[in-house]
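Engineer: The structure that follows is given in the form of structure tokens.
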Amino acid sequence: MDVAPPDWRPDGVFVQAGASARDARVAGLGLRWDGPSRARAGGAGWHGAMQVSVGAWSTGVTRAEGQVRAHAVQVVAMPLVRWQPRQGASAWFLEAGLGLSVQDRRHEVGHLRQSSRLNFQEEVAAGRMLGGGQALSLRLAHMSNAGLRKPNPGETWWSLRWDVAF
């Protein structure tokens, strides 16, 4: 019995950039693996995906010497679900996901410092397919440790993402 090995090639790539109200800025890139799709008769199309991204953070931090910029690298692994009206034929979509985030140092902004480098991250997005396998979306994301360790100031930010399918 021959069993084919899993195909680990990604189905798409994305770039994104965003900012929070607390002077945190993030930019990153990632890979997406598409999962199953389901269309409901007369309803919407549902699509699953897995994404892995690497981001660079820049935040304003209050230190003894005054306000300085702190930098961190973040890796996020997140399963997503996408909803598209008209059995997936609409160009518009909504997405939501919940995953794990790890940073090379604790997230800091202002005088606040996250107590852990390993956190949860959730995202919601609204977007539009542009044709040619491209999509543009506006995303709202939040990162925190869900109160497992104190302090847990978390971070919430908006970002703009451009996806391209392979």
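Engineer: Taking a probe of 1.4 Å, how large is the accessible area per residue of the chain, in Å²?
Structural biologist: 57
Engineer: Okay, moving on. Tabulate in residue order the Karplus-calculated ³J(HN,Hα) for the range 134-140, using 6.51 cos²θ - 1.76 cosθ + 1.60 with θ = phi - 60°, rounded to whole Hz; enter x for Gly and Pro.
Structural biologist: Calculated HN-Hα couplings, in order: 9, 8, 10, 9, 9, 10, 10 Hz.
Engineer: Along the charge dipole of the chain, which of VAL68, HIS107, ALA165 sits closest to the positive end, that is, farthest toward it, with unit charges on the beta carbon of Lys, Arg, Asp and Glu (+1, +1, -1, -1)?
Structural biologist: After comparing all options, I get VAL68.
Engineer: When the dipole is taken about the Cα centre of the range 8-166, and only Lys, Arg (+1) and Asp, Glu (-1) are charged at their Cβ, what size is it in debye, to the nearest 20?
Structural biologist: About 160 debye.
Engineer: Could you tell me what percent of the accessible area of the chain is made up of carbon and sulfur, with a 1.4 Å probe and every protein chain present?
Structural biologist: Working: 6040 of 9430 Å².
Summing carbon and sulfur atoms, their accessible area is 64 percent of the total for the chain.
Engineer: Please list THR156, THR59 in order of solvent-accessible area, largest first, computed with a 1.4 Å probe with all protein chains present.
Structural biologist: From most accessible down to least: THR156, THR59.
Engineer: Tell me the Kirkwood hydrodynamic radius of the range 1-159 in angstroms, computed as one over the mean inverse distance between distinct C-alpha pairs.
Structural biologist: 17.1
Engineer: Relative to the present Cα-Cα distance, how much length would full extension add between ALA77 and ARG105 at 0.36 nm per residue of separation?
Structural biologist: 8.3 nm
Engineer: For TRP158 and LEU29 in one chain, what is 0.36 nm times their gap in residues minus the Cα-Cα distance, to one decimal in nm?
Structural biologist: Working: separation 129, 0.36 × 129 = 46.44 nm, distance 1.54 nm.
Net length gain for the segment: 44.9 nm.
Engineer: For the chain, what relative contact order do you get, as a whole percent, if you take Cα pairs closer than 8 Å and at least 6 residues apart? Write down the numbers at each step before the final one.
Structural biologist: On the way: 454 pairs, mean separation 34.1, N = 166.
Relative contact order here is 21 percent.
Engineer: To continue, here is another question. Suppose the chain between LEU118 and VAL15 were pulled fully straight at 0.36 nm per residue; how much longer would it get relative to their current alpha carbon spacing?
Structural biologist: Result for the pair: 34.8 nm of gain on full extension.
Engineer: Turning to a different aspect of this structure: Could you derive backbone 3J(HN,Hα) for the range 157-162 from the dihedral phi with the Karplus parameters 6.51, -1.76 and 1.60 (θ = phi - 60°), listing whole Hz in sequence and x where the residue is Gly or Pro?
Structural biologist: For the range 157-162, the Karplus-derived couplings read 8, 9, 8, 10, 10, 10 Hz, x marking Gly and Pro.
Engineer: While we're looking at this one, here's another question. Is the range 81-166 best put as rounded, prolate or oblate by its Cα gyration tensor, with a ≥ b ≥ c the root eigenvalues, rounded for a/c under 1.5, and otherwise prolate when a/b is larger than b/c, oblate when not?
Structural biologist: Prolate.
The values are calculated or read from the model by the stated rules, or taken from the named source; none is laboratory data. Computed from a prediction, not measured in an experiment: that's the story for all the values here. Glycine gets a Cβ as well: all are built from the backbone with ideal geometry, and neighbour counts include every protein chain shown. Calculation scope for accessible area: heavy atoms of the full protein, side chains included, ligands and nucleic acids excluded. Shrake-Rupley method; radii C 1.70, N 1.55, O 1.52, S 1.80 Å.
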